[in-house]
Amino acid sequence: MEALVQWFTANLSQFISAEAVVFIISMIPILELRGGLLAASLLKIAPRVSIPLCIAGNIIPIPFILLFIRQIFKLLKKTRIFRGLIVRLENRAMGKSDTIKKYEFWGLMLFVGIPLPGTGAWTGALIASLLNIDIKKSSLAILCGIFMASVIMYILSYVIVGNVVS
């Protein structure tokens, strides 16, 4: 993930502000808030600026995933080009769904909030949508998970790595 963050940071920062780079990275699947805060610490952006940017960037795609991903997947599965990819994405997401199935709100919140590879708001929203979890419950769980991940990643990116900026 660090290599991806460094690539996006190096290539985007030539054209847009460091804050915009962090915001965009936070919207990208796989990188999300974790990558955004890591990039922010590398770019020496103060936490009081970077944390709200990363949270906002990470939240923006979630309603669209919760509301539309099943319909989009259904359409894409009808095409020969995307069928295999969509089936793999669904199987990968559902393979990580056991805790969420069992505990719903708390499982989804922890899945999104604990920054491990393959977890995060994008995958959590995909799983919630595929499991037909109530949109209000899943939105709140994902939001709480994003806040939890922001605290954990702040500590990892700014405190432990030592790039604290005031």
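The values are calculated or read from the model by the stated rules, or taken from the named source; none is laboratory data. Not measured: the values here are computed from a predicted model. Cβ coordinates were reconstructed from backbone atoms using ideal geometry, including for glycine residues, and neighbour counts include every protein chain displayed.
Among the residues making up the range 86-133, none is basic (K, R) and in contact with a Pro (Cβ under 7 Å, 6 or more places away or on another chain). Only one entry of S166, S139, S97, S129 meets the criterion of being in contact with a Lys or Arg (Cβ under 6 Å, 6 or more places away or on another chain) and either more than 16 Å from L33 (Cβ to Cβ) or modelled with pLDDT of 95 or more (or both), and that entry is S129. Of all residues in the range 44-96, those that are loosely packed, with under 11 Cβ neighbours inside 10 Å and either of a type in the set (D, E, K, R) or not assigned by TED's automatic domain parsing to the domain that holds L130 (or both) total 5.
The helices (runs of 4 or more DSSP H) found wholly in the range 100-166 and carrying at least 2 residues that are outside the structural domain of I25 (by TED's automatic domain parsing), surrounded by 13 or more Cβ atoms within 10 Å (Cβ to Cβ) and of a type in the set (S, T, Y) occupy 121-130, 135-154.
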